[in-house]
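Contents: one structure, followed by commentary.
The values are calculated or read from the model by the stated rules, or taken from the named source; none is laboratory data. The structure displayed is predicted, hence computed values, not measured ones. Methodologically, a virtual Cβ is constructed for each residue, glycine included, from the backbone with ideal geometry; neighbour enumeration extends over all protein chains shown. We work out accessible area using only protein heavy atoms, side chains counted, and drop any ligands, DNA or RNA first. Shrake-Rupley method; radii C 1.70, N 1.55, O 1.52, S 1.80 Å.
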Amino acid sequence: MEYAVEVENLVKKYGDFTAVRGISFRVRRGEIFAFLGPNGAGKTTTVHVLTTLLKPNGGTAFVAGHDVVREPMEVRRRIGIVFQDPSLDRELTAYENMYIHGRIYGYSGEGLRKKIERLLKFVELWEFKDRPVKFFSGGMQRRLEIARSLLHEPEILFLDEPTIGLDPQTRAHIWEYIRAMKEEQDMTIFLTTHYMDEAEQLADRIAIMDYGRIIAEGTADELKKLVGNDVIYLRMEEPEEGVKCLNADFIRGCKVMPDGRVRLDVQNAGEAVPKLFELAQEKGVRILEVTYHRPTLNDVFLHLTGREIRDEGGEQSTARMIMRARMRRR
Amino acid sequence: MRVFTTMIYREMKRFIRSKARVIGSLINPVIWLVLFGKGWAGAFNFPGASMIFGGVDYMTYLVPGIVAMTVFNMSFIQGITIIWDKQFGFIKEILVAPASRGEAILGRITGGAIMAMIQGVIILALSFFIASGLKLSGVLPALALSFLVGLAVAGMGVAIAMRMSSMEGFQMIMTMIMLPMTFLSGAFYPVKTMPEWMQWLAKVNPLTYAVDGSRYYLAGVSPAFSLRTDWTVLTGLALLFMGIAVVEFRKATID
C-alpha cells in the first residue's frame, strides 16, 4: 500500500456552514505531510474526519488502507493523534497519563512500563514522571502528549497544530522530536499548522488550505515557484492608479499592499530591478524604496488568495463572536 | 474488561488526588447529620415521638437517609463531571481509541459509583458515633442499595452531561434535580405523612427506594414499600440509566 492517507472529494458540513468543500489529496507512506492555512480553513475538521471523530457528509477517506466511515476501529488501531487542545488528565501524573493510555490500547505489565520509560526519556520528562500534569508548562504538556501518542506505535501520527501557543525555543525543540520520530520510527506524519516556518521546516509536502479548499499542493520549493522566483516590494512617490503595476512582460504578478507598497513577482530580482527603474523613469514615477526577497510560503498564500496567512479569521473570530453572544445572554 | 478496569483505576486516581474536594464534599452531609439531625433530635425528644419515625429515635431514623443522600449527591457529581472530560479533552482520547465505548463509559460510571460509596461509608462510620440505634448487620445490604443508586445516578449524570455543551447549565441542574430529589426521598421525614402530590413525586424518585430499604437494614424501621420493590426498582433504574448513558456515549462525536 503506497498511500497512508487517500482522500477523495471530502465534504464536511456543520448545519449550513460547509467547513470542508470537497478536498482530495494523498499522503505517501513515511512522509511528513502538512496542511497549511489560516484558522478556520478546515484543517482541524479534516483531521477529525480522518481520525474517525467526525462523520463526513460526502466523499471518501482511507487511512492506513481502511475506510474511516466503514471501518473506524481498524483506522483507530493504526493512528495516533495529538489534538490541538490539550487532552491530558491534569490531576494525574505524567506516568499515570501514559499508563492509562497504554491500558486502553491493550498494553500491560512490564512491557508497558518499559515503553513508558523509553518514551518519557525520549521527550525528556522521565524525571518529572510522578508530578501531576497541572504543574507542567505548555511545552512539557505537549511533549507528554507526543510521547503518549507514540505509545501504541501508530502507523500514522496526526499532529494538529503541534506548537500552537509555544515559545520559539520550545517550538524548535518539538520540531526536533517530530524529525526524530520520522527518522527512527519511519512513521507517516500528518500535521496541520498555520505557521509557515513550521510547514517549511518539517514537511516533505504541503497542501495549502483556505476556506475549506486545497488551493495548492507540493513541496515548499514547488509552491514557491508558483509565485515566481523572487518578490520585489516598491514604494513609489504618489503613483497614479494606472501605473502602479508598471506593466511589463517580466512582471508575473502585481499587488498593491495595504501600506501603499507595490508587490511584484518576478523571475530574477537582480535583473528586474534596473529594468524597473527604467520603466519608472519612462512613466515619470519616482521609486523611493526597493526591497526584494526569495518568496516565502506567505507570499505563496498571498499570491493565491490576496490575503496574508496571518490574517485572523474563520474559527477564531467565530468563536469570539459566539463567546460575545453568550456573554450578552447572561 | 481492560478498558472497564482502566476507567475505574482512573476514577480512583482522580479521587485520591483531589483530597481537598473529597473532604469538602463530606462537610455537607456532616452538617446535615450533626446540625440538622441533633437539632431536630432534641425537638422530637417527647414521649411517643418515635412513633412518627417507625419506632426509632430521630438520629437513627435520619442516618440511612443522609448516607443515601451522600452517595446520591456524590455519584451524580461524579457522573455529570464527565462534562469536564469533554471540555478538557479526555473524551477525545477515548473516542479515538480502538476500545469499546460502552465498556469505557460503564467503567467511568462504576468508578464514580464506587467513589461515591466510599464517601457514603465514611459518613456511615461517623454516624455510629452519634446515633445509638444503628445495626451493624445492616451495613452491607444498605451499602449494596447505595451502590445501585450510585450506578443509576452516575449513569443519569453522564446521560445529562452528554447532552450539555457547556458548564453553564450545571448550577441549575444541581439545584433543579438534586435538591428536590433529596427532599422527596423521605430522607428527613416519612413519605407517608407527606401531602399526596408529594407522595406521588416521591414514588418516582429512585432515592426514595434506597432510603426506604437501607432504613430497614440499618435502623430496623419497617419499609414503606416491600424490600423486593426497593431492590427491583433500584436494579431496574441502574440498568436503565447505564443503558441510556451507553447509547448516548456511543453516539458521541466532538463538536
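Points worth noting:
- Unique residue being buried (at least 20 other Cβ atoms within 10 Å of the Cβ), assigned to a helix (DSSP H, G or I), in contact with a helix residue (DSSP H, G or I) (Cβ under 8 Å, 6 or more places away or on another chain) and at pLDDT below 90 when the list is B:152, B:161, B:202, B:210: B:161
- Contacts under 8 angstrom Cβ, first residue in segment A:223-247 being more than 21 Å from residue A:296 (Cα to Cα) and at pLDDT 75 or above, partner open to solvent by 30 Å² or more (accessible area, probe 1.4 Å) and assigned to a loop (DSSP other than H, G, I, E, B), 6 or more apart: A:236/A:244; A:236/A:286; A:237/A:286
- The residues on offer are A:163, A:170, and the sole one that is without any contact (Cβ under 8 Å) to a residue 40 or more places away in the chain, crowded, with 17+ Cβ neighbours inside 10 Å and not in a helix (DSSP H, G or I) is A:163.
- Pair list, Cβ under 6 Å, 6 or more apart: segment A:6-33 residue assigned by TED's automatic domain parsing to the domain that holds residue A:191 and of a type in the set (Lys, Arg), other residue in a loop (DSSP other than H, G, I, E, B) and open to solvent by less than 70 Å² (accessible area, probe 1.4 Å): A:12/A:56; A:21/A:212
- Among (1) within 14 Å of another protein chain (Cβ to nearest Cβ); (2) part of a helix (DSSP H, G or I), the one test that residue B:97 misses: (2)
- Residues being closer than 21 Å to residue A:216 by Cα and not hydrophobic (A, V, I, L, M, F, W, C) - total across segment A:281-302: 5
- Considering B:137, B:132, B:100, the condition of being open to solvent by 10 Å² or more (accessible area, probe 1.4 Å), touching an Asp or Glu at 6+ places or on another chain (Cβ under 8 Å) and either within 25 Å of residue B:21 (Cβ to Cβ) or small (Gly, Ala, Ser) (or both) is satisfied by B:132 alone.
- Where strands (runs of 3 or more DSSP E) fall entirely within segment A:1-114, those with at least 3 residues that are more than 16 Å from the chain's Cα centre (by Cα) and away from chain B (no Cβ under 12 Å) are at A:3-14, A:17-28, A:58-63.
- Meets criteria (under 17 Å from the mean Cα position of the chain (by Cα), open to solvent by less than 30 Å² (accessible area, probe 1.4 Å) and of a type in the set (Val, Ile, Thr)) for residue B:177: no
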